[in-house]
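Have a look at the structure below before the remarks.
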Amino acid sequence: MNRTLLFFTLTAFTGTSLAQTDSSLIKRIPADTGKLHMNMDAIYNRPFLQMDKLPVSIGGYLEANSSYSGTDGVSEGLSFRVPRLSVFISSTIKKRIKFLSEIEFEEGGREIGIEFASMDIELHPFFNLRGGVILNPIGAFNQNHDGPKWEFIDRPISATTIIPSTWSNAGFGVFGKYAYNKWVWAYEAYLTNGFDNTIIANDKNRTWLPSSKQNTERFDESFNGVPLVTAKTAIRHRKIGEVGISWMGGIYNKFMEDGLQLDARRRVDLFAIDFNTTISHINTYINGEWVWAMIDVPVTYTQQFGNKQQGGFLDIVQPIIKRKMLGWEKSTLNIAFRTEYADYNVGIFKETGENISDHIIALVPGISFRPSQLTVVRFNYRYHWETDLLGNPSSRTAGIQFGFSTYF
Amino acid sequence: MKQNLVLAALSLAIIGLIACQKMLPKTPDNDEILDGPVDGLSNSQNAQFLAGDIAFNDEVFSPEKGLGPYFVATSCGSCHAGDGKGHPFTTLTRFGQSDTTGNKYLQYGAPQLQNRSIPGYAPEQIPAGASSAKFTPPANTGLGFLEALTDAQILSNADPNDNNGDGISGVPNYIAPPSFFTPKWYHQSVGGKYIGRFGKKAAAIDLLHQTVNAYNQDMGITSEYSPYEPGINGIEGIYADNVSEPEVESSNVLNVVFYLRTLKAPVQRNQADAAVIAGKQLFINTGCANCHVQQWTTPFSDIGALSNKTFYPYTDLLLHDMGSDLDDNYTEGVAKTSEWRTPPLWGLGLSKNSQGGKYFLLHDGRATSIDEAIKYHDGEAKKSKDLYNQLSEAEKQNLIKFLESL
């Protein structure tokens, strides 16, 4: 009931705003493209709508798509989905105190969650406090995940199934940036609530960090009383691009309750490296991320659940036409290609000494049309090979995907 | 010009959507995969097959769903990828019985070792002095046909005293039935025991018996048929987890049983290949077919698709003495420690596709090629093995090609 009320309230607010876009009361605050932005700035670097002199701005984005896919010749037919509708609300409380929240309605409202809701207090450009529900800065995608920014319909598998994007938690931390000439260096460090036992006690039959996302109590209390530490540093050059290195780690299991020892303390640690660049004279955009995960799985459990995982993606986007098309000013037609990999169980079988498989490889060529920078119409062809734990012949899945994503 | 390019790109997208069926991976040939139902199921039977398929292959047990606390695998599909033979990763260990008088280690958690445990628990250990054997999970295909056979049909191949003098004396394993076992019209009781058909030692009488044991012994999942957690040190229940019993609904168990009954029989490949034809003749000439009986015909079955069907499993479902090399000093029922049930050979050529790309053959996976598996045969199979060893290399290859076509 509360969710429904919240949904209709926000929808009504959004609808009212959109209906009045042409009114002088409403003005669009475009994303700030003038500064040297980094992935860590993605949450603020979004278009917002502001009503008259109200101190609150709103925005959001919608994704909708259709797919026709099949595995080993068995098709599920054509289906349509609205994977997410996100609504942002931001406010500058004082000149150096900001509030921003993002509420996401996933799968047509089946899941509604506060993805981000934090207050930032600037003490110095190099030293800011942030608290609330924050996006853990592991990799780049987790922070910079808005649908309209991507030329691909599916989110990268490594960034959603090894790093459980979008992964946010209640906590506090600090961040800052230092700019010098064409360089900017940034850091972030947070203590938050974190994972739980379900990463190795789930019905996926593999170590699965996203299982912890089902535990919404992490916004209310820690599962085991030990904070998850997330730290990231990144450096960007105006012409060369950005490189980020990040780590997230902590105890994931309930090792003690009511003063009684239940299990050993078991850690989960993720290391990620991300980068992006634009080859200036041909405008080719290259974006990638790789993550390694180490999970302390009890040796007496089952090797079905891996204690190491790794994966990543590489996106190449090439604008081929950038001009007025079909009546759209400054529209762009891109071709794009993604290659991605996720290995959920890096290791060898104790019984045979041979490699454990359990991995996915995917290739995704695509075409995207951007009538404006706020909107993207995407057409992808996805082909992926999934190999089971034992390394048996891969199952092959392919699909045509068509959809759009737009800020509003 | 550029506008035309945009239109061309959009047209391409639309054409792609129309042609999407062509862009999907093709269906594997029916003879290249082991899973799939028998022909002739009704719509309602298809629905039950599908429910069983999901319960068998997709239902994963976590500690919250009752896994363990002691277990071997987390799902049925973990041991039987693609419904084929299993991998050493999920090989079972049984212990505690070394003669026909029964298992002396039941109070220590026998007969099956649960070598894994959920966090916070220590897995079971084999007690000192107990003998043990490893059992590789078998393929599931065609089991319904084997279950449909009558005891009389199985007994027709038994020759306990080797009256025909061929050196082969197949015997049935008689098993004390579990409390939930209901004899069918084709079962024959001998002193309250029934012929076992499934398992390396033929210790399971029917597929419900096999399935209930697998849920309980392999995954630590209780059912109304087997309501206690697998015991450790014989103290059933004391080490139970916090999940209320039964941990799997009876409907799921019965759907899995129906799924196993109605999985298709493997389809032989390359039957017209000259090498395969020659290999089949050598298989008969060397006496392999005396135990690996080629052809059976089912009687009436309550599942129409299994009624009066001729099928080719290459087993007699009887126990045979396989010699000292394959004697692990462990047994079940009234089988001797050197006796093993003749394993069906159908689907043998597809085993590598479920065993990670290589063979793990014989009861414990010790043979990594068909040739090696044949050479491990001894006891009642010694004569056939010797004849195989006398074949030329080309003849051996033909025989192996035949076996790989099954």
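Read-outs: derived from the displayed coordinates by stated rules, not from any lab. None of the values given here were measured: they were computed from a predicted structure. When we count neighbours, we look across all protein chains shown, and the Cβ atoms used for this are built from the backbone with ideal geometry, even at glycine.
Annotations for the structure displayed:
- Charge dipole of the stretch A:275-384 about the Cα centre (unit charges at C-beta), most positive-ward option of A:MET294, A:ILE348, A:VAL376: A:VAL376
- Per-residue Karplus couplings for the stretch A:146-161, computed as 6.51 cos²θ - 1.76 cosθ + 1.60 with θ equal to phi - 60°, are listed in order as 4, x, x, 8, 10, 8, 10, 6, 7, 6, x, 5, 5, 7, 10, 10 Hz, Gly and Pro entered as x.
- Here the stretch A:257-297 is assigned +1 on the Cβ of each Lys and Arg and -1 on the Cβ of each Asp and Glu. Its dipole about the Cα centre then comes out at about 200 debye.
- Taking a ≥ b ≥ c as the square roots of the eigenvalues of the Cα gyration tensor, an a/c ratio of 1.5 or more together with a/b no larger than b/c marks chain B as oblate.
- Of the chymotrypsin sites (Phe, Trp or Tyr not before Pro) in the stretch A:35-88, the ones in a loop by DSSP (not H, G, I, E or B) with at most 16 other beta carbons within 10 Å are A:TYR44.
- Helix-only mean residue ellipticity at 222 nm for chain B, each DSSP H run of n ≥ 4 adding -39500 (n - 2.57), per residue, nearest 500: -7500 deg cm²/dmol
- Of all aspartates and glutamates in the structure, those lying under 13 Å Cα to Cα from B:LYS385, and not within fewer than 8 positions of it along the same chain, are B:ASP371, B:GLU372.
- Simple Cβ-charge dipole of the stretch B:79-134, Lys/Arg +1 and Asp/Glu -1, about Cα centre, in debye nearest 20: 60
- Among A:TRP208, A:PHE126, A:PRO227 the positive-end extreme of the charge dipole of chain A (Cβ point charges): A:PHE126
- Sparse-neighbour loop sites [GluC sites (Glu not before Pro); the stretch A:182-248; at most 11 other C-beta within 10 Å; DSSP]: A:GLU221
- Remark: the stretch A:80-93, residue by residue, has Karplus-estimated 3J(HN,Hα) of 10, 8, 10, x, 6, 10, 10, 10, 9, 10, 10, 8, 9, 6 Hz, where x stands for each Gly or Pro and the curve is 6.51 cos²θ - 1.76 cosθ + 1.60 at θ = phi - 60°.
- Only one residue of A:ILE400, B:THR141, B:ASN103 has its Cα farthest out toward the positive end of the dipole of the protein assembly as shown, where Lys and Arg carry +1 and Asp and Glu -1 on Cβ, and that residue is A:ILE400.
- Qualifying chymotrypsin sites (Phe, Trp or Tyr not before Pro) for the stretch B:163-258 [loop in DSSP, other Cβ within 10 Å: at most 10]: B:TRP185
- By the rule of a C-alpha distance below 16 Å, with chain neighbours fewer than 8 residues away ignored, the aspartates and glutamates paired with B:LYS309 are B:ASP39, B:GLU147.
- The ratio of the alpha-carbon radius of gyration of chain A to the globular-protein estimate 2.2 N^0.38 Å is 1.01.
- Rounded to the nearest 20, the Cβ-based charge dipole of the stretch A:54-164 about its Cα centre (Lys and Arg +1, Asp and Glu -1) stands at 660 debye.
- Partner aspartates and glutamates for A:LYS149 [C-alpha distance under 15 Å; skip if fewer than 8 residues away on the same chain]: A:ASP32, A:ASP41, A:GLU63, A:ASP315
- Longest segment of chain A lacking trypsin sites (Lys or Arg not before Pro) that sit in a DSSP loop with at most 12 other Cβ atoms within 10 Å: A:240-349
- Filter on A:LYS204/B:LYS65; B:LYS85/B:LYS396; B:LYS200/B:LYS336; A:LYS308/B:LYS65; B:LYS134/B:LYS201 - keep pairs with C-alpha separation over 19 Å: B:LYS85/B:LYS396; A:LYS308/B:LYS65
- The stretch B:311-366-the stretch A:185-213 distance, computed between alpha-carbon centres (Å): 43
- 222 nm mean residue ellipticity, helices alone, for chain A (DSSP H n ≥ 4; -39,500 (n - 2.57); rounded to 500): -1500 deg cm²/dmol
- Per residue of B:59-68, other chain Cβ atoms within 10 Å of the residue Cβ number 4 on average.
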